[in-house]
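Q: Here you go, one structure.
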Amino acid sequence: MRIPRLALLSTATVGVLVAASIAVIGTAEAATTLGASAAQTGRYFGVATAAFKFTDTPYMTILNREFNSVVPENDMKWDATEPQQGRFTFTNGDRLVSHAQSRGMTVRGHALLWHAQQPSWAQGLSGSALRSAAINHVTQVATHFRGKIHSWDVVNEAFADGGGGARRDSNLQRTGNDWIEAAFRAARAADPGAKLCYNDYNTDGINAKSTGIYNMVRDFKSRGVPIDCVGLQSHLGTTLDSTYQQNIQRFADLGVDVQITELDVQQGANQANIFASVTRACLAVARCTGITVWGVRDSDSWRTGQNPLLFDANGNKKAAYTAVLNTLNAGGPTTPTSPTTSSPPPASGGCTAQVTLNSWTGGYTATVRVTAGSAAISGWSVGVTVPSGGAVTSTWNAGNSGTSGQVTFRNVSYNGQVPAGGSTEFGFQGTGTGPTVTPSCTAG
């Protein structure tokens, strides 16, 4: 999350963000909640929360009903998880993950390294001592939550405002310009199944800051540094940059996913239109995989007095909520398939599966998306051919029979129910080369 005292950037008025040439795959059957509607195009719609909120019944009623993804606002940050060097505490993070798993929600991890909210002991370090402590922190936290996190904000807010696309001066930056790369490599080793994201604010259009991040991502991709996604925080004022969708698309064209990670919009005449425009822009780009709003009700927001969320202080749906839900129900392109596999259309009453691979020398992780056909399914099994010489070493969000050759994966208790046209995901890690044959899917 950005620091409140920093100014919001708003560079152009709200405009139509989706060109007429964008192909829409058809109007989804109208869903009545944000998460269910987003899921119909293979996306998530999430919310930032905190473990201490779990005793607030009106709050939790909205959270459990509306969202299919959660992110800890503060419970997984450095000061919360390692208040003393080498002594870790995960109580609140574990509570949040357990709640999400019990509800079939995914979890975004936020954030492994950030120049702010560091524990006092880390603030007192520098140079190689700080670098070692930072990489150890990434390794220990990502290892603890291994297999439970959909996407990690590995590094948060490392670029400067007004710096022409330069890095922010911070104690982490002063350990060496490769500190971000080192953090991503450590995160991949610790939690190979998670999407690894870079997250920042004031990047809501094509500007110097977002271009600096773009250049970093392009460099990382060219050198094999493991980065899977870019988070655009989208703390917005009363206008929206006219290049918002174009900015999403250029990152997607680099081969990374884009996630809208901390969306909130200052209340005003354009609030509902801006929320809808952001949603429409995400739906228009296949690799924009989800949206997270930074709080449930206006009274929960860090932007005191700006009423920037979808529910008012009493928990009532605002016009912005209706605008977002209607936009989600209008549908959009589904999220992308792996370039190494193909995916036929869902069979009537059955299911299909597609694989996305993250590979390295000697191993890989595979994310498998299971999509229901024209009827809801109450269970599924997926057959995957593991190439000769390789083996499955770990699995998340599924159970498996066998580890080599023909391996069958089956749903677990919380992800067997998939609505018509909806999707769920599981993953596995393996040695050797990843599967290249389209998996089979059987509805149970």
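The values are calculated or read from the model by the stated rules, or taken from the named source; none is laboratory data. Worth saying up front: this structure is predicted, and the values here are computed from it rather than measured. With ideal geometry, Cβ positions are generated from the backbone for all residues, glycine too; neighbour counts draw on all protein chains shown. Accessible surface is based on the protein model in full, side chains and every heavy atom, while ligands, DNA and RNA are left aside. Shrake-Rupley method; radii C 1.70, N 1.55, O 1.52, S 1.80 Å.
Q: So is ASN171 more than 30 Å from GLN271 (Cα to Cα) and part of a loop (DSSP other than H, G, I, E, B) or not?
A: The answer is yes for ASN171.
Q: Starting from the range 126-154, keep only residues that are within 19 Å of GLN429 (Cα to Cα), then list their pairs with residues that are open to solvent by 10 Å² or more (accessible area, probe 1.4 Å) whose Cβ atoms are within a distance under 6 Å, requiring at least 6 positions of separation or different chains.
A: So the pair list comes out as THR139/ALA186; HIS144/PHE90; GLY147/GLY193; GLY147/TRP396; HIS150/THR106; SER151/LYS195.
Q: Just give me the residues in the range 141-168 being open to solvent by 10 Å² or more (accessible area, probe 1.4 Å) and outside any loop (DSSP other than H, G, I, E, B), in sequence order.
A: If the condition is that a residue be open to solvent by 10 Å² or more (accessible area, probe 1.4 Å) and outside any loop (DSSP other than H, G, I, E, B), then THR143, HIS144, ARG167 are the ones that fit.
Q: For the range 304-331, how many residues are outside any helix (DSSP H, G or I) and surrounded by 20 or more Cβ atoms within 10 Å (Cβ to Cβ)?
A: Counting residues in the range 304-331 that are outside any helix (DSSP H, G or I) and surrounded by 20 or more Cβ atoms within 10 Å (Cβ to Cβ) gives 5.
Q: Would it be correct to say that VAL138 is among the hydrophobic types (A, V, I, L, M, F, W, C), in a strand (DSSP E or B) and surrounded by 17 or more Cβ atoms within 10 Å (Cβ to Cβ)?
A: no
Q: Follow-up. Could you say which residue among GLY399, GLY422 is in contact with a strand residue (DSSP E or B) (Cβ under 6 Å, 6 or more places away or on another chain) and surrounded by 20 or more Cβ atoms within 10 Å (Cβ to Cβ)?
A: The conditions single out GLY422.
Q: Could you please give the count of residues in the range 39-52 that are touching a Phe, Trp or Tyr at 6+ places or on another chain (Cβ under 9 Å) and at pLDDT below 95?
A: So the answer is 1.
Q: Of everything in the range 63-117 that's open to solvent by 60 Å² or more (accessible area, probe 1.4 Å) and among the hydroxyl-bearing types (Ser, Thr, Tyr), which residue is farthest from TRP179 (Cα to Cα)?
A: SER102
Q: If you don't mind, another one. In the range 287-311, what residues are more than 17 Å from ALA276 (Cα to Cα) and either free of Cβ contacts under 8 Å to residues at least 60 places away in the same chain or among the acidic types (Asp, Glu) (or both)?
A: ARG287, ASP298, SER299, ASP300, SER301, THR304, GLY305, GLN306
Q: Another question, then. Mind listing whichever residues of the range 315-341 are farther than 19 Å from ASN270 by Cβ and either modelled with pLDDT under 80 or of a type in the set (Ser, Thr, Tyr) (or both)?
A: GLY332, PRO333, THR334, THR335, PRO336, THR337, SER338, PRO339, THR340, THR341
Q: Another question, then. If you take the residues in the range 430-444 that are closer than 15 Å to SER401 by Cα and open to solvent by less than 30 Å² (accessible area, probe 1.4 Å), which one is nearest to the chain's Cα centre (by Cα)?
A: Among those that are closer than 15 Å to SER401 by Cα and open to solvent by less than 30 Å² (accessible area, probe 1.4 Å), it is GLY430.
Q: Oh, and also: Which condition breaks for SER128 when tested against (1) surrounded by 13 or more Cβ atoms within 10 Å (Cβ to Cβ); (2) not in a loop (DSSP other than H, G, I, E, B)?
A: (1)
Q: State which residue is modelled with the lowest pLDDT when the search covers only the range 365-387 and only residues that are surrounded by 19 or more Cβ atoms within 10 Å (Cβ to Cβ) and more than 16 Å from THR442 (Cβ to Cβ).
A: Ranking the qualifying residues of the range 365-387, first place goes to THR365.
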